[in-house]
Amino acid sequence: MIPGKKLSRRYFIRNLSLISGGLVLGCELGSNKQEVELLTHDGAFHPNLFVELKTDGELILTASRSEMGQGVRTSLTSVIADEMGADWNFVKVVQAPGDDAYGNQNTDGSRSIRTIFEPMRKMGAMARMMLIAAAAKQWAVANDSCKAEKHHVVNQQTGERLFFGDLVKAAAQQLVPENPTLKNRKDFNYIGKELPSIDIDDFTSGKAIYGMDVKIPGMKYAAIARCPVTFGTVRSFDAADAEKLPGISKVLEMQRVEKPFGHLEGIAVVADNTWSALKGKEALKIDWDFGDNGSYDTDAYMQTLRENVTKKGKLIQEQGDIERAFQQADKIREAIYELPHLVHAPMEAPNATARFENGTCEIWAPVQAPQVTRKEVSELLEIDLQDVTIHVTLLGGGFGRKSKPDFVLEAAWLAKETGAPIQVIWSREDDIRHSYYHAISAQYLKGGLTRDGSVNAWLHRTAYPSITSTFMPGIVHGAGFEFKQGMTNVPYEIENQRFENGEAPAHVRIGWLRSVYNIIHGFSVNVFADELAIEAESDPYEFRMKMLGSDRVYPSDNEYKLDTAKMKNVLAKVAENSSWGTDLPQGHGRGIAIHYSFYSYVASVVEVSVLESKLKVHKIFTVADCGTVVNQNTVRAQLEGAAVFGLSLALFGNITAREGRIVQRNYHDYEMLRIHQTPEIQIEIVQSEDLPTGIGEPGVPVIAPALINAIFDATGKRFRSLPLKAHGLV
């Protein structure tokens, strides 16, 4: 099990404020002797909640975001270590439990580095300044005549060195700086460099602890039969055959929890082992009431969406006079794009372990939002928040699925009902058929071209079931934040623009998936830009440069502002890296796409061949500008992973419903890219000292449209819907 600290309000330093998902330091240490003792309990120095330094030099750093293979435990703690002047060889990383003391712990929205990079720098700087103050006092010199490096404080006048571990007691006597001084960027040792994962040995040796690795004495296992139609209910059930099987402890009916992240209705089989639980689930005889969604059919629904985007929709945003512009256009291009439901399908299916004793609940689970999980469990079990403990295990992939804790609530409820520790296990079939799905969508775009090949009018209609429908049933239109994901913030300099939204009620649970609505908007906008370029008889790269227009910075309500110069920079770099414009063999082609999401700028070129009607992806080139980079290894891996993820969606991603039931079951019919299908992937990361932006998701939206554009370049055939397997190309 993952170790965690026992928290109390006095454990952490007085006046630590938690604001907007980040930490704002306002710390001071007075003469209160108890506070000084707290900074040195267990013989270690605890200048703040994230740092623990022992007398032998071991430095225990706390990661407050969930690790799902993206390297966040390494990145966040290396920021602390760098500012502290620590030696990485002394570092041990522990996972923070779900607790408000750590600030916002949600590991989604590509926000970890973006929101707590500076706070983590301050955590390290605080410790460094206190260690320096302790050493300076011992040497009777000014603090600024000392520096911290490689786990020592160095007297720059004499060259003397004091080991961090030897300064533990003295450092705890120093005043905690209210506004710790940060290092000069030129002095970074880890930030911006290539640092191996702190967890790599555990990953490769099998020692890493994921959710399903948790074992508790007396633990039972539960498998749950859920209605095959979303929000269906149980009319009646017969558990007699299941209860006859060896190892079965109990069969319980679970009512649906009417909350966005509440669990679905079903019948739970509790057993002594996983196999018995699964076999007991198979033996259940259940009569379901499929309810209002029993007739849901994705083919029919797509036809409805298609019709909705071909007629005037709800106005979202406009500028100029779109109707007049179309009248004045020399050429007009129209297109409809269709994308299916998608599902996360991480390698580790949802699971959770819960123990309920004496009015308290302890959870071990691979969750992306531990504080949300803690709150939901507290409300479900009707116990105080302080009586819920969340231990965050490693996640075997997440992509947004594990930020919805319905599976944790199942375990918590069953633990309370049975009086035994319970591990809820989801099969792959459970995961694919009872998820929160990425929205199915139709997009209509219409563009006007003048005689010089400029775009004078841009109309974009979108229709999809909104994520907000999960929180407010009955919603049929999208939300503002969804339109800003690649639609209303399109960076092209076009005088006349109009954006509309068609109706789209939800028939399944809708949730965020890696890159969210940037996937659907990035696809339609990038493919349509290519279609306009061909209509204008222009090179797609040059055409995009022309549409981006003048260098300008869009206004924003925060410190991040869309800068078209940065977009043009990544576009130019990817064209150069991919040898854009040079000749390719017959049947080969290149496609290009650009996108701005999570405040990052990304451009990709995909190179393909289509021979004898079969597609082969040869190369992917991606350039990204994500501001300050903490770990080059991590950013490169995220972009490589995004390319594989994006290709999987483009080639195979397709969740369909017939008579309300999800058709797909496992990886045989919801396929992933295989090693032999994986192309050469080349990544360039723009060097920048700007604020760090998101990187976990921005590499995804460009892949599918660049692929579609490459296929057109190779064959002259334009595909406007995915997956490509449905078109017989793979």
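Read-outs throughout are calculated quantities, based only on the coordinates presented, and are distinct from any laboratory measurement. Because the structure is predicted, anything quoted here is derived from the model rather than measured. FYI the Cβ positions are ideal-geometry reconstructions off the backbone, even for glycines, and counts take in every protein chain you see.
What to note about this one:
- Over the residues of the chain, the helix contribution to mean residue ellipticity at 222 nm works out to -8500 deg cm²/dmol, using -39500 (n - 2.57) for each DSSP H run of at least 4.
- Cα-based Rg / Dmax (Å) for the range 17-203: 15.9, 49
- Anchor Lys137: lysines whose Cα lies under 25 Å away (excluding residues fewer than 8 positions away in-chain): Lys33, Lys54, Lys122, Lys147, Lys150, Lys169, Lys183
- Here the range 17-203 carries DSSP beta bridges of which approximately 75% are antiparallel, counting only pairs with both residues inside.
- Using C-alpha pairs under 8 Å with a sequence gap of at least 6, the mean separation divided by the residue count of the range 17-203 gives a relative contact order of 29 percent.
- Counted by Cβ distance under 10 Å from Arg433, the other residues give a net charge of +1, where Lys and Arg count +1 and Asp and Glu count -1.
- By other beta-carbon atoms within 10 Å, ranking Ser403, Ser613, Ser721 with the fewest at the front produces Ser613, Ser721, Ser403.
- Residue order, fewest to most beta carbons within 10 Å, for Phe471, Phe50, Phe90: Phe471, Phe90, Phe50
- DSSP finds beta bridges in the chain, and of those with both partners inside it, around 75 percent are antiparallel.
- Net charge over other residues, Cβ less than 12 angstrom from the Cβ of Ile662 (K, R count +1; D, E count -1): 0
- Relative contact order computed over the chain (Cα-Cα under 8 Å; 6+ residues apart), in percent: 13 percent
- Quarter of the Cα convex hull surface for the range 604-685, i.e. its orientation-mean projected area (nm²): 7.6 nm²
- Ser550, Ser236, Ser112, Ser688 arranged by Cβ crowding within 10 Å, fewest neighbours leading: Ser550, Ser236, Ser688, Ser112
- Around Pro366: net Lys/Arg minus Asp/Glu count, Cβ-Cβ under 9 Å: 0
- As a ratio to 2.2 N^0.38 Å, the alpha-carbon radius of gyration for the range 464-592 is 1.26.
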